[in-house]
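All of the numbers you see were taken from the coordinates with simple rules; none came from a lab. Since we're looking at a predicted model, the values are computed, not measured. When we count neighbours, we look across all protein chains shown, and the Cβ atoms used for this are built from the backbone with ideal geometry, even at glycine.
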Amino acid sequence: MTVPRLVTEIPGPRSRRLHDERTSAVPGGFGVTLPVFVARATASTLEDVDGNELIDLASGIAVTSVGAANPRVAERVSAQVSRVTHTCFMVTEYEGYVRVAQWLNANTPGTHDKRTGLFTTGAEAVENAVKIARAHTGRAGVLVVDEAYHGRSLLTLGMTAKEHPYKTSFGPFPGDIVRLPNANPLRGRPVDEVLAEIERIVGEHGAESFAALVVEPIQGEGGFVVPSPGFLPGLREITERHGILLVIDEIQSGLGRTGRLFASEHEGVVADLLLTAKALGGGLPLSAVTGRTEIMDAVHPGGLGGTYAGNPVACEAALAVFEVLDDPDLLPRVGRIERAVRGHLEPLVDEVPSVAEVRGRGAMMAIEFADPGTLAPRADLAQRVSAACHAAGVLTLTCGTHGNVIRLLPPLVIDEAILDTGLRLLVDAVRTVTATLTQREDAA
């Protein structure tokens, strides 16, 4: 069967009717990228209620990395649901929680002794990392990086850089948060200058006041920015010198997404605390903080937890994800995804003036649109190209502080022929949209 398979326009009539019901039942604050209602999935595609089969280059924002209907996940989850759906781990215990913690302790970077706490969402992992860091250091301040995204709770919104739509009308936000410059290779200064500026900012605010520096090894919502080489090691050196904990947020980039189990491995940097979520639960809500034992044990008994933290069904899903990640053929497959993306998209940098850069690692790739010369962001191009992909049956997402980036997050297990088709349709959309807008601008 050829995919994408379109039997109606996108969205189709049944999806439109359901979307109308949604608008009468769900607050408008919940946005939607593509208003189609999904009925079932494969490792590479999503089928909607109208029978259209779309190529999935989003993975539920890096959640369904092993596919949105992985049979191992389904088997483990089904078996667990038949036994027990929930018992709070802080009340009575269960083995799955321990097995997930053991795997993360063994497989996250660093040979030091570790402990892992499980939670529910990425924002919870970030907030608990801050709590743990404050308990260990006795300090309050938190350092974050420009263009960062760390979640939608009030603390994590304070740590997030992008104003709209995330922060608009929700302030005031918690204090004790200081933002640092980012080492963006396309738009930033040399990495040595950026690190010197960070050292100056830390000194001005008093290094002894900061508990943690929280950083994404590849920025997600900020535009899939891969920092300049040496940036992460430089942050590691600064934090070590000042007794600040380095917290690496691998919520979007971790668990095989970049061709390594964790993106921080590309720079050889070991975190004091490492955060995972999204792909961890294979589609079920689960997050984790993994860190040095002496740091994790700084919190008093009862200080960590949550009703659903490390839910047993989600833990079984994670154990299935680990089985897939333990397959020695998986990470080489992710490398092939990157080569396919670069092979299709990198020629556009020379061909299309408004394509500023193709970047990323593994199956975490992006294409940025900007005016040539000035690099003024072109969110209009990213939005139009993404909409053209949707109409053609390819699910893509935009991101970036200015909304001018299309991010590609295909399932790590995507069929390579289907990926090739999706990328060809994306390239066609870029060429068509940019040529049409150029003609209009020239005519004006």
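Ordered by packing density, taken as the mean number of other Cβ atoms within 10 Å over each peptide's residues, highest first, how do 427-440, 131-144 rank?
Values: 427-440: 15.9, 131-144: 21.1.
Ranking the peptides 427-440, 131-144 by packing returns 131-144, 427-440.
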query = Can you name the helices of the chain, as whole DSSP H runs, whose Cα span along the helix axis is 27 Å or more and whose Kyte-Doolittle mean is not below 0.0?
reply = 416-443
inquiry  = Using 0.36 nm times the number of residues separating Ile61 and Arg440, minus their current alpha carbon distance, what extension gain do you get?
reply    = 133.1 nm
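Pull out a ≥ b ≥ c, the square roots of the eigenvalues of the alpha-carbon gyration tensor of the range 230-333, then state rounded if a/c is under 1.5, prolate if not and a/b is larger than b/c, and oblate in the remaining case. Don't skip to the answer; put the middle values down first.
Working: a/c = 2.71, a/b = 1.13, b/c = 2.40.
Taking the square roots of the gyration eigenvalues as a ≥ b ≥ c, the range 230-333 is oblate.
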ask   = What ratio of Cα Rg to 2.2 N^0.38 Å holds for the range 72-325?
value = 0.99
task = With springs connecting C-alpha atoms under 10 Å apart, model the chain as a Gaussian network and identify which of Gly243, Gly302, Gly222 has the largest mean-square fluctuation.
result = Gly302
inquiry  = Per 0.36 nm of contour for each residue apart, how much would the distance between Ala69 and Arg99 grow if the chain were fully extended, relative to their Cα-Cα spacing?
reply    = 8.5 nm
message = Quick check on the chain: helices-only [θ] at 222 nm, where DSSP H runs of length 4 and up contribute -39,500 (n - 2.57) each and the sum goes over total residues. Nearest 500, please.
response = -12000 deg cm²/dmol
request  = Within the range 102-189, report the GluC sites (Glu not before Pro) that DSSP leaves as loop and that have at most 12 other Cβ atoms within 10 Å.
outcome  = Glu163
request  = Return the sequence-ordered ³J(HN,Hα) values of the range 283-295 in whole Hz as given by the Karplus equation 6.51 cos²θ - 1.76 cosθ + 1.60 applied to θ = phi - 60°, using x for Gly and Pro.
outcome  = x, 9, x, 7, 9, 8, 10, 10, x, 4, 4, 5, 7
note = Charge tally for neighbours of Leu186 with beta carbon under 12 Å away, counting Lys, Arg as +1 and Asp, Glu as -1, is 0
ask   = What dipole magnitude, in Debye to the nearest 20, does the range 72-325 give about its Cα centre under +1 on Lys/Arg Cβ and -1 on Asp/Glu Cβ?
value = 500
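DSSP loop (so not H, G, I, E, B), at most 13 other Cβ within 10 Å: list which trypsin sites (Lys or Arg not before Pro) in the range 223-290 pass both filters.
Details: sites: Arg236, Arg241, Arg257, Arg260, Lys278; in loops: Arg257, Arg260.
For trypsin sites (Lys or Arg not before Pro) across the range 223-290 that sit outside H, G, I, E and B with at most 13 neighbouring Cβ atoms in 10 Å, the list is empty.
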request  = Work out the charge dipole of the range 72-325 with +1 on the Cβ of Lys and Arg and -1 on the Cβ of Asp and Glu about the Cα centre, then indicate which of Leu273, Pro181, His86 is farthest towards its positive end.
outcome  = His86
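Taking every DSSP beta bridge that has both residues in the range 72-325, what percent is antiparallel when rounded to the nearest 5?
40
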remark   = Note, Gly122: beta-carbon cut-off 13 Å, +1 each Lys/Arg, -1 each Asp/Glu, net -4
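Net charge within 10 Å of Thr64 by Cβ-Cβ distance, Lys/Arg positive one each and Asp/Glu negative one each, not counting Thr64 itself? Please report the intermediate quantities before stating the final value.
Working: positive: Lys278; negative: Asp56.
Charge balance near Thr64 sits at 0.
If each residue of separation counts as 0.36 nm, what is the full-extension length gain between Ser24 and Thr85 once their alpha-carbon separation is subtracted?
Details: separation 61, 0.36 × 61 = 21.96 nm, distance 3.09 nm.
Length difference between fully extended and current span is 18.9 nm.
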ask   = So if we plug the beta-carbon distance of Ala391 and Arg342 into 1/(1 + (r/R0)^6) with R0 = 25 Å, what FRET efficiency do we get, rounded to 0.05?
value = 0.50
key: Estimated distance in nm for a label pair at Ala376 and Glu323, the labels positioned 7 Å out from Cα along Cα-to-Cβ   = 5.5
remark   = Among the Cα-Cα pairs of the range 88-142, the proportion with separation greater than 18 Å, in percent, is 49
note = Along the dipole axis of the chain (charges at Cβ: +1 for Lys and Arg, -1 for Asp and Glu; origin at the Cα centre), the most positive-end residue among Val226, Gly259, Thr2 is Thr2
query = Charges only on Cβ, +1 for Lys and Arg, -1 for Asp and Glu: so what's the dipole of the chain about the Cα centre, in debye to the nearest 20?
reply = 640
remark   = For Thr45, other-chain or 5+-apart residues with amide H closer than 5 Å (H placed, Pro excluded) are Asp56
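Out of the DSSP beta bridges found with both residues in the chain, what percent are antiparallel (nearest 5)?
On the way: 31 of 47 bridges.
Just about 65 percent of them are antiparallel.
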query = Rg to Rh ratio, the range 391-444, alpha-carbon atoms and Kirkwood radius?
reply = 1.07
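How would you classify the range 159-281 from its alpha-carbon gyration tensor, with a ≥ b ≥ c the square roots of the eigenvalues: rounded for a/c under 1.5, else prolate if a/b is greater than b/c, otherwise oblate?
Because its axes are fairly even, with a/c under 1.5, the range 159-281 counts as rounded.
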key: Nitroxide proxy distance, nm - points 7 Å out along Cα→Cβ at Val349 and Arg152   = 3.4
query = Considering the chain as a Gaussian network with a 10 Å cut-off on Cα pairs, which listed residue, Thr33, Thr116, Thr421, attains the greatest mean-square fluctuation?
reply = Thr33
Burial order of peptide ranges 17-24, 319-326 (average beta-carbon count within 10 Å, highest first) = 319-326, 17-24
key: Burial ranking of peptide ranges 82-94, 330-342 (average Cβ count within 10 Å, highest at the top)   = 330-342, 82-94
